[in-house]
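The values are calculated or read from the model by the stated rules, or taken from the named source; none is laboratory data. Computed from a predicted structure; not experimentally measured. We place every Cβ from the backbone using ideal geometry, glycine too, and count neighbours over all the protein chains shown.
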Amino acid sequence: MTISVLDRVPEELQQLAPCRINDPDLWFAESPSDVEHAKTLCQDCPVQALCLDNALERREPWGVWGGELFLQGVVIPRKRPRGRPRKDTNNGVAA
């Protein structure tokens, strides 16, 4: 049985954690805007630092942990939308 970070803190703090108050699927969303929303919610979490430290230690395979997005155990800055990247027409290079 895995013990979560929240199981190690007082119940009052557990009840304030955004991942317990909101839909847990938000922290594993496919949509980049949903992922950014989850990261924003984490910023005011009373156990954010503990959550992030534990996720780094466990090398979480994916999801938002402690306000950061993990992919294959590494923190990445943002989730890219599905599909091909947009062409940048301002760089002077013909595509």
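Being at pLDDT 95 or above, part of a helix (DSSP H, G or I), farther than 16 Å from Ile76 by Cα and not polar (S, T, N, Q) holds for only one residue in Leu41, Leu13, Leu50, and it is Leu41. Residue under question is Gln14, and the condition is that it be touching an Asp or Glu at 6+ places or on another chain (Cβ under 9 Å) and among the polar types (S, T, N, Q); does it hold? Yes.
The one condition from (1) touching a residue at least 24 places away in the same chain (Cβ under 8 Å); (2) part of a strand (DSSP E or B); (3) surrounded by fewer than 19 Cβ atoms within 10 Å (Cβ to Cβ) that Leu69 does not meet is (3).
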